[in-house]
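Step one of this worksheet: look at the structure below.
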Amino acid sequence: MRYEFTDLEWSIICPVLPAKSRGVPRVDDRRVLNGIFWVLRSGAPWRDLPDCYGPYTTCYNRFNRWRKAGIWDNILAAMTDSRDADVQMLDTSIVRVHQHASCIAKSESNCTGRSRGGLTTKIHAVVDAKGLPIRLALSAGHEHDSLLAGDLLTELRYNGMLLADRAYDSDAIRELARERGAWANIPPKRNRKNPICFSPHLYRDRNHVERFFNRIKHCRRIATRYDKLAENFLAFIKLAAIRLWLGVYESTS
């Protein structure tokens, strides 16, 4: 079926899956992960999972259990070992929150907020020079893009470069890059009084982060947020990022 792992992709991801040395053997990992990625790509509810992937509860429980155990984070970290982090690009993209995901108490702590588009969530991403994801985070749709910059830019390299749009033009972000020995190539805001060093030529490469958002939004579970819990929505984003990295490994094998 569509969206399933190829043999080469599976040979890459299988060694980084958690090993279970004791207890009852897990249900076939490849079948369960194919079911999880089917939900990610199709955007369908868990209950609509095709029978070929087994009971939907098995896939749903595996998705939640591994999310809580940090397995998805570990897999993404293993995938990004070969990242080209000399140039990092930071940006956000806004996503509409479906009505099924909006009926939850304390929405302020669940990364949902009112903006011009209604109830929305912002996806924050740092990608490398090839547009492949390094760090991911969420915030409410009404919050400013730059609020999570400090948390996302912890891996800026010495003599590296940060590319971001005008929303990130602040003295604090430029100072953060300077402390790490990097250069923030960010276009100045129109009301900035002090001149800064900015290269429009190098800034052209920032479109890689825009391409990243375009690619992950091919997954309907990300193009619209259906998950009530921010942790589950972020886990789906990380799964889409893992699939992008698998595609790169497959093309270079």
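The values are calculated or read from the model by the stated rules, or taken from the named source; none is laboratory data. These numbers were taken from a predicted model, which means no experiment stands behind them. Cβ: placed from backbone, ideal geometry, glycine included. Neighbour counts: every protein chain shown.
Do you know which of the residues in the stretch 11-57 that are closer than 24 Å to residue 224 by Cα and among the β-branched types (Val, Ile, Thr) is surrounded by the most Cβ atoms within 10 Å (Cβ to Cβ)?
Only one residue fits best here, namely 39.
Given the criterion in a helix (DSSP H, G or I) and farther than 22 Å from residue 117 by Cβ, identify the matching residue among 184, 172, 167. Before you say what the answer is, go through the steps one by one.
Values: 184 fails: in a helix (DSSP H, G or I); 167 fails: farther than 22 Å from residue 117 by Cβ.
When all the criteria are applied, what remains is 172.
Quick one: which of 62, 31 is closer than 24 Å to residue 248 by Cα and among the basic types (Lys, Arg)? I'd like the intermediate steps shown before the answer.
On the way: 62 fails: closer than 24 Å to residue 248 by Cα.
Only one candidate qualifies: 31.
Taking residue 131 as the residue in question, decide whether it is crowded, with 19+ Cβ neighbours inside 10 Å and under 29 Å from residue 74 (Cα atoms).
yes
Pick from 206, 166: which is at pLDDT below 95, surrounded by fewer than 17 Cβ atoms within 10 Å (Cβ to Cβ) and among the basic types (Lys, Arg)?
Going through 206, 166 in turn, just one is at pLDDT below 95, surrounded by fewer than 17 Cβ atoms within 10 Å (Cβ to Cβ) and among the basic types (Lys, Arg): 166.
Can you name the number of the only condition in (1) out of contact with any Pro (no Cβ under 6 Å at 6 or more places or on another chain); (2) assigned to a helix (DSSP H, G or I); (3) surrounded by 13 or more Cβ atoms within 10 Å (Cβ to Cβ) that residue 201 fails?
Of (1) out of contact with any Pro (no Cβ under 6 Å at 6 or more places or on another chain); (2) assigned to a helix (DSSP H, G or I); (3) surrounded by 13 or more Cβ atoms within 10 Å (Cβ to Cβ), only one is false for residue 201: (3).
For the subset of the stretch 134-163 comprising residues that are over 22 Å from residue 204 (Cα atoms) and small (Gly, Ala, Ser), which member is surrounded by the fewest Cβ atoms within 10 Å (Cβ to Cβ)?
150
Considering only the stretch 203-223, I want to know if a residue exists there that is of a type in the set (Lys, Arg) and in contact with a Lys or Arg (Cβ under 6 Å, 6 or more places away or on another chain).
No, the stretch 203-223 contains no residue that is of a type in the set (Lys, Arg) and in contact with a Lys or Arg (Cβ under 6 Å, 6 or more places away or on another chain).
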